[in-house]
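To start, the structure itself, in structure tokens.
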């Protein structure tokens, strides 16, 4: 699976200071994990958490799940050491918090390069401040290491003085700008967390909205929400069947020298084929991820 086509329906934050959570994450159905050294870890536990995460990653067992490490900001007492440690870990990417400029990315790149990080170790950026949203286009276009964007909607809502409404109308401008930037540069983008674990209906509604908008998946704070996120952000069997039929119908039309096809009364053009292939590729990647050793 490449950076762009791997499943990211559910990406769970795992506190780096919680040994039980680090162990339990190996058996969860989440597509990805964010091993967290930042918000989920108290200041006096930062160094212990870094060591615990390094030990857990070295022990392996996370299968085909995408593993990101959320580090502390470089300007904090722990950020530099977090990045140095990340450079030597067998993880997929490093998640930078509160990114507001390309300079932050360049500084992180320099630390990783100086510590012999793998060329394919991706940098992900959290967009969770008004300035980050305003500059998201330049952030999304910032270099080969950039893997994707993660919305930090809780911090963003606080900075905007926005109310947390069920329809998330106050967040739509920010979500839309970040989606546009991510897609313009071919980046993955993950929706923010839903904080009220007792509000199952609200969580489902937020997932459906995120999927309809075009997000690749949802960041999560509890394992009990994984199954719903996987179902909502993943293609249904009907979606996959239709997509395969679209591809086949267009292929037959092209073989006859025709540029378009008609399937069940619907006009099929190349743009529909591209969307269909994305659905099929995602379904196949999910099936691969969910094999017994995934």
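The values are calculated or read from the model by the stated rules, or taken from the named source; none is laboratory data. Just so it is clear, the structure is predicted and the values come from calculations on it, not from any experiment. No Cβ is skipped: glycine too gets one built from the backbone with ideal geometry, and neighbour counts run over all protein chains shown.
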Here's a check for you: in the range 53-68, which residue that is in contact (Cβ under 8 Å) with a residue 40 or more places away in the chain and assigned to a strand (DSSP E or B) is surrounded by the fewest Cβ atoms within 10 Å (Cβ to Cβ)? 66
In the range 1-24, which residue that is in contact with a helix residue (DSSP H, G or I) (Cβ under 8 Å, 6 or more places away or on another chain) and without any contact (Cβ under 8 Å) to a residue 60 or more places away in the chain is surrounded by the most Cβ atoms within 10 Å (Cβ to Cβ)? 16
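Which of the residues that make up the range 34-52 are closer than 15 Å to residue 89 by Cβ and outside any helix (DSSP H, G or I)?
Quick first cut of the range 34-52, residues closer than 15 Å to residue 89 by Cβ only: 34-37, 49-52.
34, 35, 36, 37, listed by residue number.
Scan 173, 150 and give me the residue that is at pLDDT 95 or above, under 17 Å from the mean Cα position of the chain (by Cα) and assigned by TED's automatic domain parsing to the domain that holds residue 132.
On the way: 173 fails: under 17 Å from the mean Cα position of the chain (by Cα).
It is 150.
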Take the residues in the range 147-169 that are farther than 20 Å from residue 212 by Cα and in contact with a helix residue (DSSP H, G or I) (Cβ under 7 Å, 6 or more places away or on another chain), then tell me which one is surrounded by the fewest Cβ atoms within 10 Å (Cβ to Cβ). 163
Expected output for the range 76-95 (first residue in contact (Cβ under 8 Å) with a residue 12 or more places away in the chain, partner surrounded by fewer than 16 Cβ atoms within 10 Å (Cβ to Cβ), Cβ below 6 Å, 6+ apart or cross-chain) is 84/115; 87/115
Exactly one of (1) touching a helix residue (DSSP H, G or I) at 6+ places or on another chain (Cβ under 8 Å); (2) surrounded by 12 or more Cβ atoms within 10 Å (Cβ to Cβ); (3) farther than 22 Å from residue 189 by Cβ is unmet by residue 228. Its number? (3)
Out of 142, 85, 73, I need the residue that is under 20 Å from residue 33 (Cα atoms), in contact with a helix residue (DSSP H, G or I) (Cβ under 6 Å, 6 or more places away or on another chain), assigned to a loop (DSSP other than H, G, I, E, B) and assigned by TED's automatic domain parsing to the domain that holds residue 174. Which one? 73
